[in-house]
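The values are calculated or read from the model by the stated rules, or taken from the named source; none is laboratory data. None of the values given here were measured: they were computed from a predicted structure. All Cβ positions, even for glycine, are placed from backbone atoms using ideal geometry, and neighbour counts span all protein chains on display. Protein only, heavy atoms only, side chains kept; ligands, DNA and RNA dropped before computing areas. Shrake-Rupley method; radii C 1.70, N 1.55, O 1.52, S 1.80 Å.
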Amino acid sequence: MDNRFATALVIGSVLSLLSVIYLAAAVGTVSWYHYFTSPVLANVSETAANEFVNEPEANEKAYTDALYHCNGSLGLWHQCITYQHYDADDLSSSSRCVSLSFSDQFLEKYSQPGNHNTEIDLLRTYLWRCQFLLPLVALGLIFFGAVVGLAGCVCRSLYPALGTGALHLLAGVCTLGAVLCFAIGVHLLQRSLPPPAGVRGEYGWSFCLACVSSPLQIMAGALFLWASRASRKEYSLMMAYRVA
């Protein structure tokens, strides 16, 4: 194997591994979006925080109001709030988190969040579903691409790298789609249920990891495709030279 192709495969493998680590960390953490609440609004008691955790079903309005007033953090699978309380006459902070089940992710979103008497907001509903499904699809594509690549190593052939590259490109597109779906979904939610004055929001490091993961997957896929196509072209030219 030419050193150029081996170098491309090694760099592509490193980029692929980094993208998997970044994307897995992003999916499993809750720092996709943060709300920062002014002290005047951060007046939620421990009882209200427990109600947030023990909500019988995923009520979008109740969760969103709690996130607005309690320095909330939003993730793909978790939502957390931070509230202040007095412990032995000392003011301390505590956190409460809610894990969203698989069925919660498929609940319909309404044009007025939390109001089941209004019509279903199909755009927000499918954006929410795509934002958590697409990263899982991307991880699955990368895993399957790694299996194909290992098969190519066993066969000592660069041809399977073509499939590995194509799968990584698809994974990059899926990850990018998840990031866009999340950003648009947050924007539409804030338009339907505007945050009160004194509350500001910004994207967190989990969102940034997902943003970085997508170009890493695309670059890895491009390297795998180049190595496969270039080696095949070189092999064809060499065989043509031998025949001549």
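Could you grab me the full set of residues in the stretch 177-203 that are among the hydrophobic types (A, V, I, L, M, F, W, C) and either under 14 Å from ARG129 (Cα atoms) or touching a residue at least 40 places away in the same chain (Cβ under 8 Å) (or both)? Correct list: ALA178, VAL179, LEU180, CYS181, PHE182, ALA183, ILE184, VAL186, LEU188, LEU189, LEU193, VAL199. The set of residues in the stretch 9-33 that are part of a helix (DSSP H, G or I) and open to solvent by less than 40 Å² (accessible area, probe 1.4 Å) comprises LEU9, GLY12, LEU15, SER16, SER19, LEU23, ALA25, ALA26, VAL27. Among the residues of the stretch 158-172, are any open to solvent by 50 Å² or more (accessible area, probe 1.4 Å), of a type in the set (Phe, Trp, Tyr), out of contact with any Pro (no Cβ under 8 Å at 6 or more places or on another chain) and not in a loop (DSSP other than H, G, I, E, B)? No - not one qualifying residue is present in the stretch 158-172.
Residues checked against (1) open to solvent by less than 40 Å² (accessible area, probe 1.4 Å); (2) of a type in the set (A, V, I, L, M, F, W, C); (3) farther than 30 Å from PRO196 by Cβ; (4) modelled with pLDDT under 80:
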{"site": "CYS80", "(1), (2), (3), (4)": "yes, yes, no, no"}
{"site": "SER93", "(1), (2), (3), (4)": "no, no, no, yes"}
{"site": "ILE142", "(1), (2), (3), (4)": "yes, yes, yes, no"}
{"site": "ARG156", "(1), (2), (3), (4)": "no, no, yes, yes"}
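Of all the listed residues (THR118, THR125), the sole one being part of a loop (DSSP other than H, G, I, E, B) and either open to solvent by less than 40 Å² (accessible area, probe 1.4 Å) or at pLDDT 85 or above (or both) is THR118.
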